[in-house]
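K.L.:
I have a structure here, written as structure tokens, and I will follow up with some questions on it.
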Amino acid sequence: MPLKDSYLLPAAADMHVHLRNAPGPIAQLVTPTIRQAGVDVVFVMPNLAPRPVVSVDEALEYKRHLQAIDPEVTYLMSLYLHSSITPDEIRKAKKAGIAGVKAYPKGATTNSEWGVVSFEPFYEVLKAMEEEGIVLNLHGEAPCSAATDVTVMNAEIKFLPTLMDLVQRFPKLKIVLEHCTTADSVKTVRSFGKNVVGTITAHHLSLLVDDWSANVNNYCKPSAKTPQDRRALLDAVVNSNGKFFLGTDSAPHDITAKRGKGNTAAGVFTQPYALGYVLTALEEGIARSDIAADAVTEAALRGFLSEHGRAFYGVAPATRNVLLTRDGQTVAESFKGEGAEVVPFRAGEQTWSVEWQ
Ligand code: DOR
Ligand code: ZN
């Protein structure tokens, strides 16, 4: 049995988004597309440039600017794990309602140059986070290096020992392994208790390595992997048990940064159609027999898209619903604003539409 033609679901939560500097041209362009996708709560990444968000005051200022763009969205804010952060700043963060601290291994991805080389200098900060219930959000990749035999294909697997070590040292710390892309990560996250979860993006549910090697708009970190890995991600969506929820890692870059001179910027822009892409990927997964059609229940969709993420971050359940309809809209060729142009994932293709009820 294929999917139904439409689903009425609670408003979604997207627990991993890049909105870029606010005020700023890309934030102005992409922030209004959050609700377009059927989402009303987002966890906002702190990897701004030229300066990441490393203090509570900066995070609150950033939040005010985002609220000025769309006050209807709930913005969960984060700090960038950095040597300037102290245990006291963590306690201040808790009081200020900051939800998490994002760790970027230095050199692993966009704006990670201020990131972590070793977690050891951060143990006191992690201890304070464990005590305060502040989430540790992990970009789970070892930096690529020929010397350590790490490439984009095994970078995530090479990070898993670090995850295991952190879980062992800080057994009560709430940890999110962000944007899981491998069967090994799914298995590892499942092996821990409720305090360790994983986010899964919309695009990793449909992409493989061959798709980004041929198209810069599909390239991101961590990059999409093998058919076996994709099957594990699809299975994690429909058999989440609260361990996996949506975090799109929507990562807008100006068209010139994707297609200009030099290396392309890592990041896939999925914000405006996040829910539609997930439903499209599930349908395609059923068509390939990667997942069983009857595994895609309404309860599984509600859990993955809305309930599990809110529960993990202590956000109240959604009060509004969204109606998703098969092939109800065509993805725009690009989003153009004052001083920015961003090409969305699956530009020009059909996907599910979203209407607020
Ligand atoms: O592809 C990515 N883009 N991965 C990340 O981790 C960061 C993001 C960005 O900020 O563009
Ligand atoms: Zn990200």
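The values are calculated or read from the model by the stated rules, or taken from the named source; none is laboratory data. A quick note: this is a predicted structure, and the numbers were derived from the prediction, not measured. Positions of Cβ are backbone-derived with ideal geometry, glycine not excepted, and every protein chain shown enters the neighbour counts. SASA here: full protein model, heavy atoms, side chains in, ligands and nucleic acids out. Shrake-Rupley method; radii C 1.70, N 1.55, O 1.52, S 1.80 Å.
K.L.:
Find how much the distance from THR151 to ALA287 grows on full extension, using 0.36 nm per residue of separation minus their present alpha carbon separation; answer in nm with one decimal. The partial results should precede the final answer.
P.N.:
Working: separation 136, 0.36 × 136 = 48.96 nm, distance 3.12 nm.
45.8 nm is the gain from fully extending THR151 to ALA287.
K.L.:
Which shape class applies to the range 213-357: rounded if a/c is under 1.5, otherwise prolate when a/b exceeds b/c and oblate if not, where a ≥ b ≥ c are the square roots of the Cα gyration tensor eigenvalues?
P.N.:
Working: a/c = 1.69, a/b = 1.44, b/c = 1.18.
Note, shape of the range 213-357 comes out prolate.
K.L.:
Can you bin the range 75-234 into rounded, prolate or oblate? Criterion: square roots of the alpha carbon gyration tensor eigenvalues sorted a ≥ b ≥ c, rounded for a/c under 1.5, prolate for a/b above b/c, oblate for the rest. Kindly include the intermediate steps, with their values, before the conclusion.
P.N.:
Details: a/c = 1.82, a/b = 1.65, b/c = 1.10.
Verdict is prolate for the range 75-234.
K.L.:
Still on this structure, please answer the following. Once both labels are modelled 7 Å past Cα along the beta-carbon direction, what's the LYS172-GLN329 spacing in nm?
P.N.:
Rounded to a tenth, the inter-label distance reads 4.3 nm.
K.L.:
Carbon and sulfur atoms: what percent of the 1.4 Å accessible area of the range 6-356 do they account for? Show your work: numbers first, answer last.
P.N.:
On the way: 6760 of 13380 Å².
Summing carbon and sulfur atoms, their accessible area is 51 percent of the total for the range 6-356.
K.L.:
Gap in Å between the Cα centre of the range 101-180 and the Cα centre of the range 284-299?
P.N.:
When both Cα centres are located, 32 Å separates them.
K.L.:
Something else about it: Would you mind classifying the chain by shape? Square roots of the alpha carbon gyration tensor eigenvalues, ordered a ≥ b ≥ c; an a/c under 1.5 is rounded, otherwise it is prolate if a/b is larger than b/c and oblate if not. Mind dumping the intermediate values first?
P.N.:
Details: a/c = 1.29, a/b = 1.23, b/c = 1.05.
Rounded is the answer for the chain, as its axis ratio a/c remains below 1.5.
K.L.:
Can you tell me the accessible area per residue over the chain, all protein chains present, probe 1.4 angstrom, in square angstrom?
P.N.:
On the way: 13970 Å² over 357 residues.
About 39 Å² of surface per residue is accessible.
K.L.:
Quick check: pseudo-label points 7 Å beyond the Cα along Cα→Cβ at TYR123 and ALA316, how many nm apart are they?
P.N.:
4.2
K.L.:
In this model, which of LYS92/LYS187; LYS174/LYS258; LYS172/LYS225; LYS95/LYS127; LYS94/LYS225; LYS63/LYS172 are farther than 26 Å apart at the alpha-carbon? Can you show the working numbers first?
P.N.:
Values: LYS92/LYS187 35 Å; LYS174/LYS258 34 Å; LYS172/LYS225 31 Å; LYS95/LYS127 17 Å; LYS94/LYS225 36 Å; LYS63/LYS172 28 Å.
LYS92/LYS187; LYS174/LYS258; LYS172/LYS225; LYS94/LYS225; LYS63/LYS172, as the Cα separations exceed 26 Å there.
K.L.:
A follow-up question, please. Quick one: work out the % antiparallel among DSSP beta bridges in the chain, nearest 5.
P.N.:
Here the share of antiparallel DSSP bridges comes out near 35 percent.
K.L.:
Can you tell me the length gained on complete extension of the stretch ASN239 to THR264, counting 0.36 nm per residue apart and subtracting the Cα distance?
P.N.:
Working: separation 25, 0.36 × 25 = 9.00 nm, distance 3.46 nm.
Result: 5.5 nm gained on full extension.
K.L.:
How high is the relative contact order of the chain? Use alpha-carbon pairs under 8 Å, at least six apart in sequence, and give a whole percent.
P.N.:
Details: 775 pairs, mean separation 73.9, N = 357.
That works out to 21 percent.
K.L.:
Still on this model: Based on the Cβ-Cβ distance of GLN350 and THR226, what FRET efficiency does E = 1/(1 + (r/R0)^6) give at R0 = 25 Å, to the nearest 0.05? Could the numbers behind the result be given before it?
P.N.:
Working: r = 26 Å, r/R0 = 1.05.
FRET efficiency, GLN350 to THR226: 0.40.
K.L.:
Identify the GluC sites (Glu not before Pro) of the range 1-83 meeting these criteria: DSSP loop state and at most 12 other C-beta atoms within 10 Å of the C-beta. Write out the running numbers ahead of the final one.
P.N.:
Numbers: sites: GLU58, GLU61, GLU72; in loops: GLU72.
Answer in residue order: GLU72.
K.L.:
Among the trypsin sites (Lys or Arg not before Pro) in the range 253-312, which ones are in a DSSP loop with at most 12 other Cβ atoms within 10 Å of the Cβ? Mind listing them?
P.N.:
LYS261, ARG288
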